[in-house]
Amino acid sequence: MEIIEVVPRLRMLTFEVGAAYLWDDGARLTLVDTGSADRAGEIEEVLDGRRLHRIVLTHFHEDHSGSAAELAERHGAEVVAHRLEAPVIRGEVPGPPPVLEAFEIPIWESLPKLPPAPPCRVDREVVDGDELDLAGGAVVVAAPGHTDGSLGLWLPEARVLFTGDSVANVNGLTMLGVFNTDRARAVESFHRLAALESETVLFGHGDPLTGGAAEVLRAAAAATV
C-alpha cells in the first residue's frame, strides 16, 4: 500500500486494485471506501492508534466495501451508504453484475480475483442531497449507473469531490468509469459530477486531480456520450 497526501487533511491509500481515502477533521477520522477484504490491517496502520469515526461507501463492489465490516466492528465506526446500495452491502440481496462493453471484456478477464466482501451493517442510509457533518458539511451526490446506488461525496467548503467508480483517471486519461450496470445513467452521472466546482477530485481508480479539476472533468464529460 502506498500513502499519498493529496491535500491537507486528506490521504489516499492505494492498493493493488483501487484506493481508499482518509479525511482527518482533527477530532474525527472518516474513511471513504475500504479496499478489499484483506486490507483492514494496512488501513489501521495509517490511523496511528486513533479510532475510525465513520466509513462512507461509494458502492458495494468488493474492492470498495471489502474491509468495511472488519473496520466497523473494530472501531465502532458509523457506516454510511446509499439507500439502494445498503441491502447489497448487508448481504441481503446479490449485487447486479455489470453490462460489459466489448472493450471491457478483456480488462474484466485480466483483473486479479479479490475476496468477496463480507456482509457489513449500514448504520445510515443516505440519498441525494443528504449532508454529513464532515469537512464543514459534505453533500451526498447520487451517481447511479455504475451501480444503482453509487454515490459521489462533495465537500463544498474544501471543493473536494469523491467520485467512486463513476469516473476514473487512469494513465492520464479522465474517463467514464468502466463495468457499469447502466451506461446511459452512468454518463448522466458523469455530467452531474462534472458540473460541481471541484478543485480536487478523487477517484476509485486512478490518480487524483488537483488544481482546476472541474475543467478537466467537464472536458472529459463533454466528450462522453
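Would you please list the contacts, defined by Cβ atoms under 6 Å and residues six or more apart or on different chains, that run from a residue in the range 158-179 that is surrounded by fewer than 18 Cβ atoms within 10 Å (Cβ to Cβ) to a residue that is of a type in the set (D, E, K, R)?
159/199
Report the residue count in the range 182-211 for those that are assigned to a helix (DSSP H, G or I), open to solvent by 30 Å² or more (accessible area, probe 1.4 Å) and among the hydrophobic types (A, V, I, L, M, F, W, C).
The number of residues fulfilling the criteria is 1.
So residue 45 ticks every box in (1) open to solvent by 50 Å² or more (accessible area, probe 1.4 Å); (2) farther than 25 Å from residue 193 by Cβ; (3) touching a residue at least 12 places away in the same chain (Cβ under 8 Å) but one. Which box is left unticked?
The number of the failed condition is (3).
If I ask for residues that are surrounded by fewer than 17 Cβ atoms within 10 Å (Cβ to Cβ) and closer than 21 Å to residue 19 by Cβ, which ones from the range 213-223 would you list?
Matches in the range 213-223: 216 only.
Taking strands (runs of 3 or more DSSP E) that fall entirely within the range 1-99, which contain at least 1 residues that are out of contact with any Cys (no Cβ under 8 Å at 6 or more places or on another chain) and acidic (Asp, Glu)?
2-7, 19-24, 78-82
Quick one: what pairs do we get from the range 118-130, first residue under 12 Å from residue 152 (Cβ atoms), second at pLDDT 95 or above and part of a loop (DSSP other than H, G, I, E, B), C-beta under 8 Å, 6+ apart or different chains?
If the second residue must be at pLDDT 95 or above and part of a loop (DSSP other than H, G, I, E, B), the pairs left are 126/83.
Determine which member of the set 43, 55 is among the aliphatic types (A, V, I, L, M) and over 22 Å from residue 127 (Cα atoms).
Of 43, 55, the one residue that is among the aliphatic types (A, V, I, L, M) and over 22 Å from residue 127 (Cα atoms) is 43.
The values are calculated or read from the model by the stated rules, or taken from the named source; none is laboratory data. If you're wondering where the values come from, they're calculated on a predicted model, not measured in any experiment. Because the Cβ atoms are built from the backbone with ideal geometry, glycine has one as well, and the counts that use them run over all protein chains shown. Ligands, DNA and RNA are stripped out before the accessible areas are found, and what is left, the full protein with its side chains, is counted by its heavy atoms. Shrake-Rupley method; radii C 1.70, N 1.55, O 1.52, S 1.80 Å.
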